[in-house]
Structures are given as C-alpha cells and as structure tokens.
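S.K.: Here's a structure for you.
The values are calculated or read from the model by the stated rules, or taken from the named source; none is laboratory data. Because the structure is predicted, anything quoted here is derived from the model rather than measured. With ideal geometry, Cβ positions are generated from the backbone for all residues, glycine too; neighbour counts draw on all protein chains shown.
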Amino acid sequence: MGRGKIEIKRIENLNSRQVTFSKRRNGLLKKAKELSVLCDAEVGVIIFSSTGKLYEFSSSRMDQILSRYNKGIEVECREPPVDEPCQEQSELKALKEELARLRLTYLRMKGKELNNLGFKELQQLEHQLSVGILSVKDKKEQVLVEQLKRSRLLEQKAMLENEALRKQMEELRRSRSPLLEFNPLEKRFSFIRSKTDCHGKPEEEDDHSDTSLHLGLSSDVGRKRKAPKIEANCNDSGSQVASE
C-alpha cells in the first residue's frame, strides 16, 4: 500500500514537529547536493529552525553565491519588465477608446449620432444642452456689462477732457482780449484818413504827427494846427466855385 498524503499545515506537537524538521532538512540538503553535482549548478541553501539555529549548504563558497545573487537582483531591477510592450499597448488601447467616446459625445452635442439613444439618454442630453446654453448666456451678459462699463468710463474721460479744453479756450480768449482792443494798424489807418483833404490828397505832416503815428497815439497838437488849414482849403475851393 502506498503512503497517504499528509496535509500541509503546522504540526502542533512539538516533538513531532522537531522530528519532521530534521528529516525534511536532511532530505532538502541531500537534494541540493545532488542537483549541484548532476546539473553542474551553483546551489546555496540557508535554513533557520524555529529556535533560530542556522543550517546551510553551498556547492561553492557561500559569500560568493550571495554576491552573485545580489548582482543578479540589481540587473533584473535595471532591465525593463518583459510585459512593458503589453502595458503600452493596453494604455494605447484605452486612450483610443477614450478618444472615440469623446468624439461620439461631441457629435451628440451637435445633434448627430442620436439613433442608438433611448428616452432617458435623450432627456439627459437635453438637460446638458440646456445647462450649457444658460452658462453661455450668463457669460455673454457678463461680457456685455463689462463692455458697457468700459464705454461709460471712456465717455466720462472724454467729457472731462472736453471740459478741460473748453476752459483752456476761455482762458486764451480772456488773455487775448486786451490785445484785440488795442490794434495799432487801425489807429494808423484812422489817423491817415483824418489827414486827407477834401480832394482826397494827403496833407503834409509835421514832426508831431510822425511821432504820433510811430507810437500809435493821436496828437492833439497836430490836429489843432491842421484844422484851420483844412477849413481854409475847403473855403477857398468853395469861393472859387462860386466865382466861376
């Protein structure tokens, strides 16, 4: 009769557990030695008992085997995993699916590709569009209000600038008004007209009249002197006409 299978679990009896440990430990070390000889492999086995006692086997020096083991772990960590291309392909596939879903949503928001939608889905889509339209209207009103505020500010600024220019023009007019009242050219022209005789010929002017012309002032002395002469000339001309 063959041996029955033993259930693999912790042995509760301490003596039985110790006996089983010794037997299986010796068997494991024996199998490791046979593996290293038969297959020309470098084998190292380290065993700690429940009491903390160390048992080991190595086909060569144990420190050499451990150093080689550590180097092998470092190389495996540096090398990329074998399944990385598969992971990239899965990520690419997921991105393509997401792109297709977003494109379909975009078309449905424009009113296309609605054949496969049910009543609830259509109602949900309608609600989303309504919410979007309200948001757009609110944003449009906000933009209009901001533009109106800017326009009013520009209008006020233009009014202030206009008022400042008007005040400047008034000040310029006030500052130029005395100059407009005293015009030397008009004084000179009026003085020349007063010095012409009845025939329209200019009379001789004395030194006082020249001085008064240069200064732009009227000379009372010149007028007093010339007045009788003008009257005399006018009387002479009248008498000549009468005699003829």
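S.K.: Name the single residue that is farthest from the chain's Cα centre (by Cα) among those in the range 27-71 being surrounded by fewer than 11 Cβ atoms within 10 Å (Cβ to Cβ), of a type outside the set (Ser, Thr, Tyr) and under 23 Å from Asn15 (Cα atoms).
M.R.: Gly27
S.K.: Just to confirm my filter: which helices (runs of 4 or more DSSP H) fall fully inside the range 6-125 and include at least 3 residues that are among the small types (Gly, Ala, Ser) and modelled with pLDDT of 90 or more?
M.R.: Working: elements: 14-38, 62-78, 84-109.
Ranges flagged: 14-38.
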